[in-house]
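Worksheet: one structure, shown below.
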Amino acid sequence: MIKDFFHGLPVQMQSIKTKLKVQRQLTYKCEWYGSELIIADRFYPSSQICSHCGHQQKMSLNVRLYECNNCGFKADRDFNAAVNLENYARQ
């Protein structure tokens, strides 16, 4: 098992610890500024949903361009995912 040099925690636990720190800081900042923090489910398929028509299709992680088989929409995979997460937050 790979250990962190300073803390001796397994790498997986370090990742969880880091995510919790980020979430705690975001929660604090949102409360400070009177904003709402919306967290999408870990398995929400943001990069697999067409932000134009809503069609969902599986994609390999190495595919960088999203091309919808339903409507023909094309966009950068990360941009498409960002639009879907924005739409998720507005629901």
Just for segment 10-52: of the residues that are part of a helix (DSSP H, G or I) and of a type in the set (A, V, I, L, M, F, W, C), which one is surrounded by the fewest Cβ atoms within 10 Å (Cβ to Cβ)? Trp32
Taking interchain pairs and intrachain pairs at least six residues apart, which have beta carbon atoms under 8 angstrom, with the first residue in segment 22-46 and farther than 22 Å from Ala81 by Cα and the second assigned to a loop (DSSP other than H, G, I, E, B) and polar (S, T, N, Q)? Lys29/Ser35
Filter result (within 13 Å of Ala75 (Cβ to Cβ) and of a type in the set (Val, Ile, Thr)) within segment 23-65: Ile49, Val63
For segment 52-78, name all the residues that are hydrophobic (A, V, I, L, M, F, W, C) and touching a residue at least 12 places away in the same chain (Cβ under 8 Å). Cys53, Met59, Val63, Leu65, Cys68, Cys71, Phe73, Ala75
Counting just the residues of segment 70-91 that are closer than 19 Å to Ile38 by Cα and small (Gly, Ala, Ser), which one comes out surrounded by the most Cβ atoms within 10 Å (Cβ to Cβ)? Ala81
So for segment 12-25 (the condition being hydrophobic (A, V, I, L, M, F, W, C), under 21 Å from Gln91 (Cα atoms), at pLDDT below 95 and not assigned by TED's automatic domain parsing to the domain that holds Gln91), does at least one residue qualify? no
Positions within segment 53-69 being surrounded by fewer than 10 Cβ atoms within 10 Å (Cβ to Cβ) and among the hydroxyl-bearing types (Ser, Thr, Tyr), in sequence order: Ser60
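The values are calculated or read from the model by the stated rules, or taken from the named source; none is laboratory data. The shown structure was predicted, so the numbers you read here are calculated from the model rather than taken from an experiment. Ideal geometry is used to build each Cβ from the backbone, glycine not excepted, and the neighbour counts take in all protein chains shown.
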